[in-house]
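Here the structure comes first, spelled out in structure tokens, and everything after it is commentary.
What follows is calculated from the coordinates using simple rules that are stated; it is not laboratory data. These figures come from a predicted structure and were not determined experimentally. Quick reminder, even Gly has a Cβ in these numbers, built from the backbone with ideal geometry, and neighbours come from all protein chains shown.
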Amino acid sequence: MNQTPPLPRTDESVFLRRIDPACNMARFYALTLEPTLFGEVAVMRHWGRIGTRGRSKSCFLGPMDDAHGVLHRQAERKKRRGYVAGTSGVAACAQAGT
């Protein structure tokens, strides 16, 4: 019996937001790690204006170490541009009790 190896743990995600009322700016940026069908890991990027569907892009990487490196580099790059840690829309609704 041929067993497939278990999928790597991909429970890491980062949600950032940048809000500046003076510039009419309300943006979000989310990074998640997702397993692929071939046992690799993809870094999913999702960004846009808060309250919209936004855009998304995926970057397919091989090993988990490479994916973690890309995720952390991208998060640090966004933090340098003024983004701060935030909660996702689903989590924010849950906290508000809606």
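Annotation note: trypsin sites (Lys or Arg not before Pro) in the stretch 16-83 located in DSSP loop regions with a Cβ neighbour count of at most 15 within 10 Å are R53, R81. Modelled spin-label separation between K57 and D20, with each label point placed 7 Å from Cα along the Cα-to-Cβ direction: 2.1 nm. The chymotrypsin sites (Phe, Trp or Tyr not before Pro) of the stretch 11-62 that DSSP puts in a loop, and whose beta carbon has at most 14 other beta carbons within 10 Å, are F38. Our estimate of slack between D66 and E40, defined as 0.36 nm per intervening residue step minus the Cα-Cα distance, is 8.3 nm.
Note on the stretch 13-96: with charges restricted to the Cβ of Lys and Arg (+1) and Asp and Glu (-1), its dipole about the Cα centre is near 540 debye. Charged neighbours of A26, selected by a Cβ distance under 13 Å, balance to +3 (K, R count +1; D, E count -1).
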